[in-house]
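The values are calculated or read from the model by the stated rules, or taken from the named source; none is laboratory data. All of these numbers come straight from a predicted model, not from anything done at the bench. Heads up, the Cβs are rebuilt from the backbone with ideal geometry, glycines too, and the neighbour counts pull from every protein chain shown. Accessible surface is based on the protein model in full, side chains and every heavy atom, while ligands, DNA and RNA are left aside. Shrake-Rupley method; radii C 1.70, N 1.55, O 1.52, S 1.80 Å.
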Amino acid sequence: MDVTLSSWFVILLAILAANLPFLNEQIFAFIPLHSPVKSFWVRLLELAVLYGLVGAAAHFLESRMGNAFAQGWEFYAVTICLFIVLAYPGFVYRYLRKRHG
């Protein structure tokens, strides 16, 4: 896989994964809950797990292209913040959008 193609794949995967907890009422979009509404803390935990999965996919793609670079805490701080920013449209849709009806 080309470097540019794998970079865009990781970016699109991150956008989809960051918004997934806010766009449905099931855990990871396929595990049903007993309650009809998912709490904010469950969504936040799901967001953290999805961040780890996207990071693992990115590391896998990077290691297939060559040597994977060692990352420090700065890298993880920036990518967590970026993942939260990517989740903003889903958060707005779930909590800030005015519902009519």
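Between PHE60, PHE30, PHE22, the Gaussian network model of the chain with springs among Cα atoms under 10 angstrom shows the greatest mean-square fluctuation at PHE30.
When +1 charges are put on Lys and Arg Cβ atoms and -1 charges on Asp and Glu Cβ atoms, the dipole computed for the chain relative to its Cα centre reaches about 540 debye. For the pair the range 1-18 / the range 23-69, the C-alpha centres are spaced 15 Å from each other. GLU62 exposes around 50 Å² of accessible area when a 1.4 Å probe is run over every protein chain in place. In the chain, the portion of solvent-accessible area held by carbon and sulfur atoms comes to 74 percent [1.4 Å probe, whole percent, DNA, RNA and ligands not counted].
I'd like to check one number: the per residue accessible area of the chain, probe 1.4 Å, reported in Å² as a whole number.
Numbers: 7420 Å² over 101 residues.
Accessible surface, normalised per residue, equals 73 Å².
If DNA, RNA and ligands are ignored and the probe is 1.4 Å, what is the ranking of THR79, THR4 by accessible area, most exposed first?
Details: THR79 35, THR4 80 Å².
Largest accessible area first, the residues go THR4, THR79.
Stretched out fully, how many nm does the piece from LEU16 to MET1 gain, at 0.36 nm a residue minus the Cα gap? Intermediate values should be presented prior to the final figure.
On the way: separation 15, 0.36 × 15 = 5.40 nm, distance 2.05 nm.
Contour length minus the Cα-Cα distance gives 3.4 nm.
The relative contact order of the chain, computed from alpha carbon pairs under 8 Å that lie at least 6 residues apart in sequence, is 41 percent. All Cα-Cα distances of the range 21-101, cut into 10 Å bins from zero to the largest, leave 15, 40, 28, 14, 3, 0 percent in each bin in turn. Label zone of GLU62 (point 7 Å out along Cα→Cβ, amide N under 15 Å): in the range 3-21 this covers 3-4, 6-11, 14.
Cβ-Cβ distance of VAL42 and TRP8, R₀ of 25 Å, FRET efficiency by 1/(1 + (r/R0)^6): the value works out to about 0.25. A helix-only calculation puts the chain at -21500 deg cm²/dmol for mean residue ellipticity at 222 nm, using -39500 (n - 2.57) for each DSSP H run of at least four residues, averaged over all residues. Annotation: amide H-H contacts under 5 Å for ILE27 (H modelled 1.01 Å from N, sequence separation of 5 or more, or interchain): LEU33. Computed from backbone phi, the HN-Hα couplings of the range 46-57 come to 5, 4, 5, 5, 5, 4, x, 5, 5, x, 5, 5 Hz, rounded to whole numbers (Karplus: 6.51 cos²θ - 1.76 cosθ + 1.60, θ = phi - 60°; Gly and Pro given as x).
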